[in-house]
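Coordinate-derived values only; no laboratory data. Everything numeric in this text was worked out from a predicted model, so none of it was measured. Note: ideal-geometry Cβ built from the backbone for every residue, glycine included; neighbour counts use all protein chains shown.
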Amino acid sequence: MSEQYLLNFPKAESRRQKLKPRFALRLGVLRWLFSEEGGGPDAVGFDVPVRVVGLKADLLASWHAAERQKKLRMSLLVPQRVVLVVCAETRAECWPECANPEEILREIGRLRTEMDAAEKEIRSREPHLLDNNMLFEEFAIWNYGKSKDSDYQQLRSRVQALEQSLYKGTRLEKIARLGLADALYLAVPESEVQPHELIDGWGLLSVAKNLELTVLREPVKHKAPPEARMHLVQNMLCSGRDILLKENGLQIMRDGSSRFVKPRRPRKTAEILEF
């Protein structure tokens, strides 16, 4: 009987790597985006300008599909959906300094609880406010703004006024006002911000220490104009130029000159990422 030999290869050593909070938030969001059932985004970008000057998104992701162009007699990839994510390391980043932000947030939370109860009654008394164009009930959209319930409308107006006083001038408010993306998300460390504290229209993503992500609130559905989607995709492409060049051995300097650099090599040791 011939002898058998077992070869034991050394396992890759794993080590823990502490990440900077904002980088960790981005990694958690990226993994979540690429775990979607319909497939991950076709393009992503970091620190993407939303406007020409002064306003950036931490992360942009876009999905594309081929569409026939009659004039060109060919199919071209066209962005169908763009998701914009802002990362905040602390709750204080979500609103500017004002007299009593925590007090305002508590009042907003109390009013939203009353609104939730009122909306449940409205769904029962005013079923015609349901958007019947939605195929699945879980994605149903109710036009509560058209309700005849005067008490509810007063609550709604009060919440809007408080949110405006709290969020006016913040990055969240400015980006939402532009209406360029199909979905807006705020990503924060676990337990940093509660869903009722977030400005209307935004979804809330909570990232744990091990980078596991939980969706605490879905964003309001919005169909961005084709020109707005293309604007963000073009900005994404331009903003990633320098990083792409450096990864491939060419660094662009601040004065516009360039130099050759050694491309980074991937580490052979496995790493446990956390923040």
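With unit charges on the beta carbons (Lys and Arg positive, Asp and Glu negative) and the dipole taken about the Cα centre of the chain, which residue among Met74, Leu172, Val85 sits farthest to the positive side?
Projecting each Cα onto the dipole axis, the largest value belongs to Met74.
What is the helix-to-structure angle for 150-167, meaning the angle in degrees between its Cα long axis and the longest Cα principal axis of the chain, kept from 0 to 90 and rounded to the nearest 10?
Result, in degrees: 40.
Based only on other Cβ atoms within 10 Å, what is the fewest-to-most ordering of His128, His231?
His128, His231
Towards the positive end of the charge dipole of the chain, with charges on Cβ (+1 Lys, Arg; -1 Asp, Glu), say which of His196, Tyr185, Met115 has the farthest Cα.
Tyr185
Report the charge-dipole magnitude of the chain in Debye, nearest 20, computed about the Cα centre from +1 at each Lys and Arg Cβ and -1 at each Asp and Glu Cβ.
So the dipole magnitude of the chain works out to roughly 1420 debye.
Out of every Cα-Cα pair in the chain, what percent are more than 32 Å apart?
The calculated P(r) of the chain puts 40 percent of pairs beyond 32 Å.
Stretched out fully, how many nm does the piece from Ser157 to Ala208 gain, at 0.36 nm a residue minus the Cα gap?
Length gained between Ser157 and Ala208: 14.9 nm.
I need Glu102, Glu192 ordered by Cβ neighbour count within 10 Å, fewest first.
In order of increasing Cβ crowding within 10 Å: Glu102, Glu192.
Give me the one-decimal nm value for the distance between modelled label points at Asp255 and Glu218, 7 Å along each residue's Cα-to-Cβ direction.
Those two pseudo-labels are separated by 5.5 nm.
Give me the number: length gained by fully extending Lys168 to Leu72, i.e. 0.36 nm times residue separation minus the C-alpha to C-alpha distance, one decimal in nm.
This chain segment gains 30.1 nm when fully extended.
Taking the Cβ of Leu129 as the center, what net charge do the other residues with Cβ under 14 Å away carry, scoring Lys and Arg +1 and Asp and Glu -1?
That works out to +1.
As I understand it, the value is the acute angle between the Cα axis of helix 226-239 and the longest principal axis of the Cα atoms of the chain; what does it come to in degrees, rounded to 10?
40
If packing is taken as the average count of other Cβ atoms within 10 Å, what order do 65-71, 210-216, 23-29 fall into, highest mean first?
In decreasing order of mean packing, 65-71, 210-216, 23-29 become 23-29, 210-216, 65-71.
Considering every Cα-Cα pair within segment 99-167, what fraction, in whole percent, is farther apart than 13 Å? Show your work: numbers first, answer last.
Details: 1571 of 2346 pairs.
When all Cα pairs of segment 99-167 are counted, 67 percent exceed 13 Å.
Once amide H atoms are built 1.01 Å from N in the peptide plane, which residues 5 or more positions from Ala183, or in another chain, come under 5 Å H to H?
Val82, Leu84
Taking the Cα atoms only, what angle lies between the long axis of helix 21-33 and the longest principal axis of the chain, rounded to 10 degrees?
80
How high is the relative contact order of the chain, in percent, counting Cα pairs under 8 Å that sit 6 or more residues apart?
Contact order relative to length: 25 percent.
With +1 on each Lys and Arg Cβ and -1 on each Asp and Glu Cβ, how big is the dipole of segment 99-167 about its Cα centre, in debye rounded to the nearest 20?
My answer is approximately 180 debye.
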